[in-house]
Structures are given as C-alpha cells and as structure tokens.
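**Q** Structure incoming, see below.
The values are calculated or read from the model by the stated rules, or taken from the named source; none is laboratory data. None of these values were measured; they are calculated from a predicted model. Every residue, glycine among them, receives a Cβ derived from its backbone with ideal geometry; neighbour counts consider all protein chains shown.
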Amino acid sequence: MLFRPVTAGRYPGLVLYSEIFQVSGPIRRVAAMLASHGFVVAVPEIFHELEPAGIVLAYDEAGAARGNRDKITKPLLSYDGDARAALDYLASSPYCTGKLGVMGICIGGHLAFRAAMQPDVRAAACFYATDIHTGSLGQGLHDDSLDRIGEITGEVLMIWGRQDPHIPREGRSLIYNRLSDAGTHFQWHEFNAAHAFMRDEGPRYDPATARICYDLALELFHRRLGERET
C-alpha cells in the first residue's frame with residue numbers, strides 16, 4: 001500500500017512497518033500523517049505469505065494470538081527479503097527521490113531495526129520494538145538482530161515506554177549497551193507510557209506523548225532524507 005502527498009514532485013521514501021495486526025486503521029492514519037509531511041510511504045503487509053491479502057487482525061485476544069503465531073512462523077530471511085523488496089520498490093518509484101528511511105511500531109519497530117542494516121537506509125525510527133532483546137523474531141525464535149548492529153550505517157531513533165512489559169528495563173539496557181558498543185549513531189528516548197501508547201485506539205493511547213514521538217521521527221527524517229524535489 002502506498003501513501004504519498006497530493007502535490008506533484010518526488011519525495012523521500014519511507015517503509016512503515018505495522019504491528020502484528022497488519023495494516024489497521026491506526027497504521028493507515030500514521031502513513032497518511034507521514035505523507036502529509038512530505039514523504040512517500042510504503043506500508044507492506046508483514047504476514048503476506050501467511051494471511052489472505054488485505055487481512056487486518058482484530059485488536060483483541062484472538063487477533064493478538066494469531067499475529068503472534070504468524071510472527072514466529074515466518075522465516076527470518078523472509079522478513080529481510082521483504083525489507084529489500086520494499087526499499088527497492090520505493091527507490092524505483094517515480095514519486096521517490098531515492099533517499100530512504102524506515103519506521104515501525106511494536107514488531108514493526110524490530111523490522112525497521114533490521115531494515116536499517118540495509119546499506120541505503122539513512123534513518124530508522126523504531127517505536128517500542130519487540131523481541132530484539134530476546135532474539136526471538138521469526139521461525140526458530142533465534143534471530144541475529146543484536147549481533148548485526150554493526151551493519152547499521154544510518155541514524156536510528158529508539159523510543160520506549162517504561163511501563164511496557166514486553167521490553168523490560170533489562171532488555172532496554174541490553175539494546176542500549178549493544179548500540180553504544182557498536183558506535184551506532186542513535187537517539188534514545190524513554191517515556192512513562194505502556195505498550196501501544198502511540199496507537200490511537202484503545203485505553204493505552206497517550207496522545208500528548210505520541211505527538212512528541214512523531215515530531216522526533218519527522219525531525220529525523222527531514223534532516224537525514226531531505227525534502228521534495230520538483
């Protein structure tokens with residue numbers, strides 16, 4: 001799915017990775033917001049091999065269980081192949097300048113983190129990225145994201161909620177230390193918020209904090225990717 005500004009021109013490209021629920025209403029609204037700020041945004045269905053096209057999982061226990069099952073059924077290399085395909089699609093688009101960034105939420109934050117290992121990714125915004133500290137993304141529950149941090153050449157924005165049970169303090173500290181040890185160019189922000197605090201549906205939504213976080217991402221992308229070309 002592609003979102004882009006209505007004004008003619010070529011814009012920096014972003015791949016936006018969803019939560020386990022795929023391209024839901026909240027994710028579409030994030031994509032539209034990014035496009036309104038001058039980016040062409042590709043939003044892939046992260047479980048396209050496992051779910052029928054267009055499927056959005058419900059924000060309930062059954063939907064979460066199904067998404068979590070898909071998350072560990074899909075092979076890790078398939079996630080990486082999807083990242084390369086989405087970036088190549090954007091780079092070849094007549095609407096894109098060829099300057100590329102990635103952004104993701106929840107599992108999407110982890111996928112954006114891995115996509116940042118692609119050499120043409122200049123910036124990545126990762127919001128409460130799950131499973132990095134446990135190395136449990138994909139089939140086999142044994143990913144190598146922490147071991148490959150040295151492959152990240154762009155700037156990374158990491159945002160967390162301190163009250164998020166999915167990424168406890170010890171897990172956040174592990175990621176922070178590994179990024180620091182690798183000499184990665186990164187920003188790190190923690191907020192007093194729960195998991196999914198940026199999703200504009202449900203009781204955990206914190207609109208004031210979400211706005212701060214989106215502003216941080218937009219600043220990063222404008223600075224690292226540039227502006228529209230006429």
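**Q** Out of Asp88, Asp70, Asp131, report the one residue that is at pLDDT 95 or above and assigned to a loop (DSSP other than H, G, I, E, B).
**A** None of the other options fit; the residue is Asp131.
**Q** A follow-up question, please. Within segment 147-158, can you find the residues that are under 27 Å from Val30 (Cα atoms) and assigned to a loop (DSSP other than H, G, I, E, B)?
**A** Passing the criteria: Ile152, Thr153, Gly154.
**Q** Yes or no: segment 189-203 includes at least one residue that is out of contact with any Cys (no Cβ under 8 Å at 6 or more places or on another chain), in a loop (DSSP other than H, G, I, E, B), among the acidic types (Asp, Glu) and surrounded by 17 or more Cβ atoms within 10 Å (Cβ to Cβ).
**A** no
**Q** Check segment 105-117 and report whether any residue there is in a loop (DSSP other than H, G, I, E, B) and under 30 Å from Thr7 (Cβ atoms).
**A** Taking every residue of segment 105-117 in turn, at least one turns out to be in a loop (DSSP other than H, G, I, E, B) and under 30 Å from Thr7 (Cβ atoms).
**Q** For segment 49-58, enumerate the residues that are touching a helix residue (DSSP H, G or I) at 6+ places or on another chain (Cβ under 8 Å) and farther than 11 Å from Ser24 by Cβ.
**A** Glu49, Leu50, Glu51
**Q** Still on this structure, please answer the following. Could you pull out the residue among Ala217, Ala196 that is modelled with pLDDT of 95 or more, on the phi > 0 side of the Ramachandran plot and of a type in the set (Gly, Ala, Ser)?
**A** Ala196
**Q** Within segment 130-181, which residues are among the β-branched types (Val, Ile, Thr) and more than 17 Å from the chain's Cα centre (by Cα)?
**A** Thr134
**Q** If I go through segment 81-118 residue by residue, how many of them are surrounded by 18 or more Cβ atoms within 10 Å (Cβ to Cβ), within 15 Å of the chain's Cα centre (by Cα) and not β-branched (Val, Ile, Thr)?
**A** Final tally of qualifying residues: 20.
**Q** With respect to Leu174, determine if the residue is touching a residue at least 24 places away in the same chain (Cβ under 8 Å), under 18 Å from Leu137 (Cα atoms) and surrounded by fewer than 22 Cβ atoms within 10 Å (Cβ to Cβ).
**A** Here the answer is yes, as Leu174 does meet what is asked.
**Q** Pull out all pairs, ordered by first then second residue, where Cβ-Cβ is under 7 Å, the residues are six or more apart or on different chains, the first lies in segment 45-71 and is within 18 Å of Gln139 (Cβ to Cβ), and the second is part of a helix (DSSP H, G or I) and acidic (Asp, Glu).
**A** That search, which allows pairs on different chains as well, returns Phe47/Asp70; Leu50/Asp70; Glu51/Asp70.
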